[in-house]
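For reference, the structure discussed in these notes is given below.
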Amino acid sequence: MNDREFDVLLFCAFRYALGRKTYIVSDVVDLIIKYKEKLNAGSIFIIKKEINKAIEQNQAGMSCDVYEWNKVLEALKD
């Protein structure tokens, strides 16, 4: 798998997990943080934007999920 394919796969996992209220949130968060160097700048921008929007609109899941998404925002800071 090349870097572009991995970026697409991780981005799809993010899109699936955002807003869920299941174990998958923490698993995807851990993967994003672990492999953040493999994400391209466009994916990072969209991930941060969509997390912030979901949190603002109370659509990021339960409080424990919001905690997890905030870990991603912290890890992807400029």
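The values are calculated or read from the model by the stated rules, or taken from the named source; none is laboratory data. What you are looking at is a predicted structure, and each value in this text was computed from that prediction instead of being measured. With ideal geometry, Cβ positions are generated from the backbone for all residues, glycine too; neighbour counts draw on all protein chains shown.
Worth a mention:
- Every residue from the stretch 51-70 that is surrounded by 15 or more Cβ atoms within 10 Å (Cβ to Cβ) and closer than 16 Å to Ile24 by Cβ: Ile51, Ala54, Ala60, Gly61, Asp65, Val66, Glu68, Trp69
- Candidates Val29, Val8, filtered to the one that is among the β-branched types (Val, Ile, Thr), assigned to a helix (DSSP H, G or I) and over 11 Å from the mean Cα position of the chain (by Cα): Val8
- Every pair of residues 6+ apart whose Cβ atoms lie under 6 Å, when the first sits in the stretch 1-19 and is touching a residue at least 12 places away in the same chain (Cβ under 8 Å) while the second is assigned to a helix (DSSP H, G or I) and polar (S, T, N, Q): Asp7/Ser43; Phe11/Ser43
- Answer residue from the stretch 14-35, given it is touching a Phe, Trp or Tyr at 6+ places or on another chain (Cβ under 8 Å) and of a type in the set (A, V, I, L, M) and is nearest to Cys64 (Cα to Cα) among those: Val25
- Taking residues in the stretch 56-72 that are aromatic (Phe, Trp, Tyr), and partners anywhere that are part of a loop (DSSP other than H, G, I, E, B) and modelled with pLDDT of 95 or more, the pairs with Cβ atoms closer than 7 Å and at least 6 places apart or on different chains are Trp69/Ala60.
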